[in-house]
Amino acid sequence: MQSQAPLVYIITYGCKVNYYESEAVASQLDAMGIPNQMVADGAISRLPHAAGFVVNSCAVTSMAEKKSRYGVSKIKKYHPQAILVGMGCAFGRKTPEMVALEIADKIKAGQSRVTDTVTVQHRREKAFIKVQDGCQNFCTYCIIPHLRNKLSYRPIDEVVAEIKAQGSHVTSVVLCGINLCYYPHFDELCRAVDACGIAWEISSLEPPMMTAQLIDTLRQCSHFVPHFHICLQSGSDAVLTAMNRHYTTAQYAEIIASLRAAFINATFGTDLIVGFPTETQADFETTLNYLQTLKLDHVHIFPYSPRTGTPAAKMKPIPNHIVTARFDKIRFTLFPYYDK
Ligand code: SF4
């Protein structure tokens with residue numbers, strides 16, 4: 001519903017699952033006849049006035065949470081009259097239906113009823129399709145299991161129906177979740193999505209998921225785009241143990257080697273935390289050397305961010321100047337083209 005000036009702007013921070021849930025809010029508002037638009041937080045000061053804002057927040061790092069809260073303060077500064085509804089990991093978990101109803105109620109617009117039969121209509125060319133929610137791995141640095149603990153997954157036929165319901169502007173889809181390890185029979189989902197005949201890929205993967213069976217299934221999927229973002233977090237086995245991560249660097253390297261053998265055009269990405277409290281200088285050097293051997297295409301490097309309520313937040317932190325030095329050494333030494 002693009003013709004009328006938007007009554008509601010939707011701003012999203014964080015992961016692909018958050019972008020999916022924002023699209024779900026937008027589709028609900030469309031169904032209720034409330035003009036809306038998804039915008040980047042950088043546009044807040046330039047936007048024409050609107051009745052309301054939905055802010056979909058992130059809490060994975062303290063920086064992410066700060067950005068979400070800063071977005072709210074900018075809205076209050078540039079759009080003091082606007083109604084504000086928060087959602088997401090930093091502002092409290094609400095379903096897209098609840099958010100749509102709340103903002104519709106507050107701005108007194110639209111048919112104030114939501115239907116859970118609304119199929120999300122994705123506006124992006126590459127549509128993020130949420131298939132799973134929740135994580136109970138409790139990596140010692142991670143706040144997510146404390147915020148998104150409840151496990152759930154969407155039935156295969158529901159995911160397929162959503163993919164088939166998209167407009168022709170959607171040219172590819174990305175299956176996403178909080179931890180796809182918790183999606184039962186993930187390979188069956190992969191086959192069913194491949195049968196939709198659209199290019200598709202998988203967002204972040206945890207190493208234990210990369211079994212020979214799944215690799216074989218993906219090799220048989222003709223529409224699968226072989227980009228693998230498999231979260232490593234550290235190149236030191238001692239640090240992986242302290243992080244409560246359930247694989248070794250040898251196993252991780254084996255996974256990468258198997259995927260390289262199975263997909264000649266595969267690309268690889270990962271997430272890496274530097275400065276985890278127990279990371280010694282030797283652990284860091286081990287990580288540096290290990291990354292050199294892996295030769296991944298890109299790495300998202302995160303300086304360790306203590307999250308209150310996690311076991312790691314109770315550990316003695318490494319001084320900031322050392323964390324920054326390690327961050328820069330990886331960034332500038334190994335990845336001059338590093339994307340922040
Ligand atoms: S797998 Fe670990 S890092 Fe990922 S969401 Fe779960 S607890 Fe957090």
Within the accessible area of the chain (1.4 Å probe), percent carbon and sulfur: 56 percent
Cα radius of gyration and Dmax for region 187-271 (Å): 13.6, 43
Values of log10 I(q)/I(0), in the order q = 0.17 Å⁻¹, for region 228-340 under a Debye, Cα-only, solvent-free model: -0.81
Partner lysines for residue 74 [C-alpha distance under 27 Å; skip if fewer than 8 residues away on the same chain]: 16, 66, 94, 106, 108, 340
Proximal aspartates and glutamates to residue 316, defined as alpha-carbon separation beneath 13 angstrom and excluding residues fewer than eight positions away on the same chain: 279
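Considering Cα pairs under 8 angstrom that are at least six residues apart, work out the relative contact order of the chain and quote it in whole percent. Please list the in-between numbers first.
Numbers: 613 pairs, mean separation 44.2, N = 340.
So the answer I get is 13 percent.
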217, 278, ranked by accessible area, largest first (probe 1.4 Å): 278, 217
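Determine the order of 138, 53 by accessible area, beginning with the largest, at a probe radius of 1.4 Å.
Values: 138 85, 53 0 Å².
Ranked from most to least accessible, the order is 138, 53.
So if I place +1 on the C-beta of Lys and Arg and -1 on the C-beta of Asp and Glu, and nothing else carries charge, what would the dipole magnitude of the chain be about its Cα centre? I want it in debye, nearest 20.
On the way: 33 positive and 29 negative charges, 251 e Å.
Dipole about the Cα centre, nearest 20: 1200 debye.
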Orphan Cys of the chain, criterion: no other Cys C-beta under 4.7 Å: 15, 58, 89, 135, 176, 181, 190, 196, 221, 231
Environment charge of residue 52, counting only residues whose C-beta is closer than 11 Å and scoring Lys/Arg +1, Asp/Glu -1: 0
Distance between region 212-239 and region 135-174 - C-alpha centres, whole angstrom: 17 Å
Positive minus negative residues near residue 229 (Lys, Arg vs Asp, Glu; Cβ under 11 Å): -3
Descending semi-axes in Å of region 40-143, equivalent ellipsoid built from Cα gyration tensor: 24, 21, 14
Calculated P(r) of the chain - Cα pairs past 39 Å, %: 17 percent
Where trypsin sites (Lys or Arg not before Pro) fall in DSSP loop in region 117-174, at most 11 other Cβ within 10 Å: 150
Residue pairs, from the table 164/295; 67/126; 150/295; 77/329, whose Cα atoms sit over 28 Å apart: 164/295; 150/295; 77/329
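If you count only protein heavy atoms with a 1.4 Å probe, what accessible area per residue comes out for the chain, rounded to a whole Å²? Walk me through the intermediate numbers first.
Values: 15370 Å² over 340 residues.
Using a 1.4 Å probe on heavy atoms only, each residue of the chain averages 45 Å².
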Neighbour cut-off at most 10 other Cβ (10 Å), DSSP loop, chymotrypsin sites (Phe, Trp or Tyr not before Pro), region 180-213: none
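Return a whole-number percent for the relative contact order of region 22-156, with Cα pairs under 8 Å and 6 or more residues apart as the contact set. Walk me through the intermediate numbers first.
On the way: 179 pairs, mean separation 37.5, N = 135.
So the answer I get is 28 percent.
The values are calculated or read from the model by the stated rules, or taken from the named source; none is laboratory data. It should be emphasised that the depicted structure is a prediction, and the values quoted were computed from it without experimental measurement. Neighbour counts are summed over all protein chains in view; Cβ atoms, including those assigned to glycine, are modelled from backbone coordinates with ideal geometry. In case anyone asks, the SASA skips ligands and DNA or RNA and just uses the protein heavy atoms, side chains included. Shrake-Rupley method; radii C 1.70, N 1.55, O 1.52, S 1.80 Å.
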